[in-house]
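Input: a single structure, listed below in structure tokens.
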Amino acid sequence: MTERKPPGVSFGSWVDRLISAAQSRGEFDDLPGAGKPLPPPTGRDAATDWALRRAREGDLDPGSFLPPSLAIPREIQDLPAKLAKVRTEKRVREIVEDLNERIRETHRRPQEGPPLRAMPLDVDEIVESWRVTR
């Protein structure tokens, strides 16, 4: 367990002391990216820079940055194209049921961002539409 900050010591000096101790133990040796230069800052915070860089490189889906109330309608909009690549009815049902579960879960939780207006989809109707387009 991490040691507690001693009373009367500032957080900055306590954290610096923990980092120095970890460095002396070699805990930062062999980290990925060791010896490589840091990317140039863009003026935004480091977390935003990291996320944008990863999205540009294709490592992250940009939709993962959206709150569920915006990501789910986008996923519903992209569903026909996604299902067009699916080969089996069983897999179509799994995809739609997974989406429906995430819709229900989003409605159960406190809303982040604008309210989610999407309701669970009719699985049989989606499967029938998938069959017709094949």
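Quick notes
- Radius of gyration over Kirkwood radius for region 62-110, both on Cα atoms: the Rg/Rh ratio is 1.01.
- Take every pair of alpha-carbon atoms less than 8 Å apart whose residues are at least six positions apart; their mean separation over the length of the chain yields a relative contact order of 21 percent.
- Rounded to the nearest 20, the size of the Cβ-charge dipole of region 58-134 about its Cα centre is 120 debye, with Lys and Arg at +1 and Asp and Glu at -1.
- Within-11-Å neighbourhood charge of Ala118 [Cβ basis; K, R +1; D, E -1]: +3
- Where N is the number of residues in region 78-134, Cα Rg divided by 2.2 N^0.38 Å: 1.25
- Set of lysines with alpha-carbon distance to Lys90 below 26 Å, sequence-local pairs under 8 removed: Lys82
- Placing a label point 7 Å from the Cα of Lys82 along the Cα-to-Cβ direction, the residues of region 93-110 whose backbone N falls under 15 Å of that point are 93-106.
- Simple Cβ-charge dipole of the chain, Lys/Arg +1 and Asp/Glu -1, about Cα centre, in debye nearest 20: 100
- What region 46-96 shows is 68 Å² of accessible area per residue, with the surface traced by a 1.4 Å probe over protein heavy atoms.
- Neighbour net charge for Leu60 - beta-carbon separation under 14 angstrom, K R +1, D E -1: -1
- Counted by Cβ distance under 12 Å from Ala71, the other residues give a net charge of -2, where Lys and Arg count +1 and Asp and Glu count -1.
- Per residue, the chain reaches -18000 deg cm²/dmol at 222 nm when only DSSP H runs of four or more residues are counted, each adding -39500 (n - 2.57).
- Sulfur and carbon atoms: percent of accessible area, the chain [1.4 Å]: 55
- Cα convex hull volume per residue for the chain (Å³): 238
The values are calculated or read from the model by the stated rules, or taken from the named source; none is laboratory data. This is a predicted model, so every value here is computed, not measured. Glycine gets a Cβ as well: all are built from the backbone with ideal geometry, and neighbour counts include every protein chain shown. Surface accessibility is based on the protein's heavy atoms, side chains included, excluding ligands, DNA and RNA. Shrake-Rupley method; radii C 1.70, N 1.55, O 1.52, S 1.80 Å.
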